[in-house]
1. Conditions first: (1) modelled with pLDDT of 75 or more; (2) among the aromatic types (Phe, Trp, Tyr); (3) loosely packed, with under 13 Cβ neighbours inside 10 Å. Residue 318 passes all but one, so which condition is the exception?
2. Scan the range 391-412 for residues that are touching a residue at least 24 places away in the same chain (Cβ under 8 Å) and surrounded by 15 or more Cβ atoms within 10 Å (Cβ to Cβ) and jot them down.
3. Going through 362, 358 one at a time, which residue ends up being buried (at least 16 other Cβ atoms within 10 Å of the Cβ), modelled with pLDDT of 90 or more, charged (D, E, K, R) and under 40 Å from the mean Cα position of the chain (by Cα)?
4. Quick one: would you say residue 388 is among the aromatic types (Phe, Trp, Tyr) and modelled with pLDDT under 95?
5. Can you find a residue that is under 29 Å from residue 402 (Cβ atoms), surrounded by 15 or more Cβ atoms within 10 Å (Cβ to Cβ) and among the basic types (Lys, Arg) anywhere in the range 178-192?
6. Name the pairs whose Cβ atoms lie under 7 Å apart, with the first residue in the range 241-258 and closer than 18 Å to residue 447 by Cα and in contact (Cβ under 8 Å) with a residue 60 or more places away in the chain, the second assigned to a helix (DSSP H, G or I) and among the aliphatic types (A, V, I, L, M), and 6 or more positions between them or separate chains?
7. Counting only residues that are outside any loop (DSSP other than H, G, I, E, B) and free of Cβ contacts under 8 Å to residues at least 24 places away in the same chain, which one in the range 440-457 is nearest to residue 365 (Cα to Cα)?
Amino acid sequence: MSYKPRTFTNLSFSIFLFFVLFVLLSGNNLSAESITLEEIRVLALANSQSLVKHNLSIRSTVLDERSRIFSNLPSFSLGASASMSLWSAEGAAPIENPIDTLSSGASASASMRIFEGGRTLIQKSINSIASESARNEALSEYFNVLDSTDNAYYAVLEAAATLEAEESSLQTSIISLSIAEIRQANGMISAGEYLRALAEKEGRENSRNQARRNLALSITRLRAIAGLPELPALEPIDFSGYEELIQYLGNINDDQSDSLYGQFWRLLVAANPSLSRAALANQRAERNLSMARTGFSPSLGASVSTGLNFQGDDGVQYSGGRLSLSASIPVDFWTIANNVQRSRLALDSTVQDYISAESNLETELQSALLNTFSFAGSVLSTRRSLEYTERHFEYVMARYRLTQSSVSELEEATTLLINSRNNNIRMNYGFLQSLSRLRSLLAIDDEERLVRLLLGN
């Protein structure tokens, strides 16, 4: 059973490109007052230590491939030797002129493996698969970094929007308290109502402080990902650019959803680096099985050698050339058969790994698409809910100023409004995060292309 992975050969390594862009950004944009998502992505890719390690791994596998190619070429060697006698064998008497006994020689040889039962070609294929697998691992990590960066960027914007909503709610509670103080002083409300207004104000202040904390933590995470000592103001997301997509996905029907899933599944099978790695692991196990089977084959080698000898007054003598052939035939068939069986089991295991990876990715794709549809629908519903709650709050606030609504009624309207605002904020950024997840699954780094695919264009 064999699987064909997608070939990825042009990771040029984009990592180098991103390092170049990083330098450019460092000189031009880091001193700017704001920074965009694209710029943050470039910085995060350049700052990723995991991508650096993957790049080193790719270079290592390329060197392994070269080593295998070099091992198939003839092996050449040069040698030299010299000797002279210091004393004679009879009575160990010293020799009067040892230089007269000087002899020397030089040799050259070449050797090459002629036949190994196909081991060389199989090993070359294994090394090639290892290089391709390393590239797919780097590609997978590339999209993981992008996904993490996008989520961190959106988290900062979401936390900032939430803080703004909490600040607005706090200001409302402060106004409510100031009106309650006047009414309580004039005996227009009870002490309980006044205390409720005080409690509401303190509760809103606590929520505001929690929102500040969340924003600070989000900024810290994004700074660490981008490798920035200080984080400039983030450029906001223009949600109007997603309006057509939100409207379409928020009202998508079952037939459209099924069609979209089928299209995306075909793209995933062709492009997802995790699935490609599983397929490459299966291919490598197949080659290892073939390599184990070559253990039953004999091997044949050849070498050619020649040399020069110099012996005292005899001058230089040419020793001629010599051709040597060597052959070996394995006889421990039980050991080889055991290795073959182990390789076959390893192959069966990789087949199961591929099936498992395919099943898991199928579930992930379904979940990612459903999340995208759900968030799009929630953006529309929370938008309408926010509009209604804002109008309701304005109505209750106007009545409260005219002493026609109580503190508790204003508190309920304020709570309803802040919850609606926060829900709308979460759904908007949740939608963006779901798009980022889809992009990683499909290995698409062009968001415009992803949007076109979702729209069926």
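The values are calculated or read from the model by the stated rules, or taken from the named source; none is laboratory data. Quick caveat: nothing in here was measured; it's all calculated off a predicted structure. Cβ sites come from the backbone with ideal geometry, for glycine too, and all protein chains shown count toward neighbours.
1. Evaluating residue 318 over (1) modelled with pLDDT of 75 or more; (2) among the aromatic types (Phe, Trp, Tyr); (3) loosely packed, with under 13 Cβ neighbours inside 10 Å leaves (1) as the failure.
2. 392, 393, 397, 400, 406, 407, 410, 411
3. On inspection, the qualifying residue turns out to be 358.
4. Answer is no for this residue.
5. There is at least one residue in the range 178-192 that is under 29 Å from residue 402 (Cβ atoms), surrounded by 15 or more Cβ atoms within 10 Å (Cβ to Cβ) and among the basic types (Lys, Arg).
6. Pairs that qualify, where the first residue is closer than 18 Å to residue 447 by Cα and in contact (Cβ under 8 Å) with a residue 60 or more places away in the chain and the partner is assigned to a helix (DSSP H, G or I) and among the aliphatic types (A, V, I, L, M), are 245/451; 245/454; 246/376; 246/379; 246/380; 249/376; 249/454.
7. Restricting to residues being outside any loop (DSSP other than H, G, I, E, B) and free of Cβ contacts under 8 Å to residues at least 24 places away in the same chain, the top hit is 450.
Table: residues versus (1) in contact (Cβ under 8 Å) with a residue 12 or more places away in the chain; (2) over 21 Å from residue 426 (Cα atoms); (3) outside any helix (DSSP H, G or I); (4) out of contact with any strand residue (DSSP E or B) (no Cβ under 9 Å at 6 or more places or on another chain).
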site	(1), (2), (3), (4)
325	yes, yes, yes, no
341	no, yes, no, yes
345	no, yes, no, yes
349	yes, yes, no, yes
359	no, yes, no, yes
363	no, yes, no, yes
375	yes, no, no, yes
384	no, no, no, yes
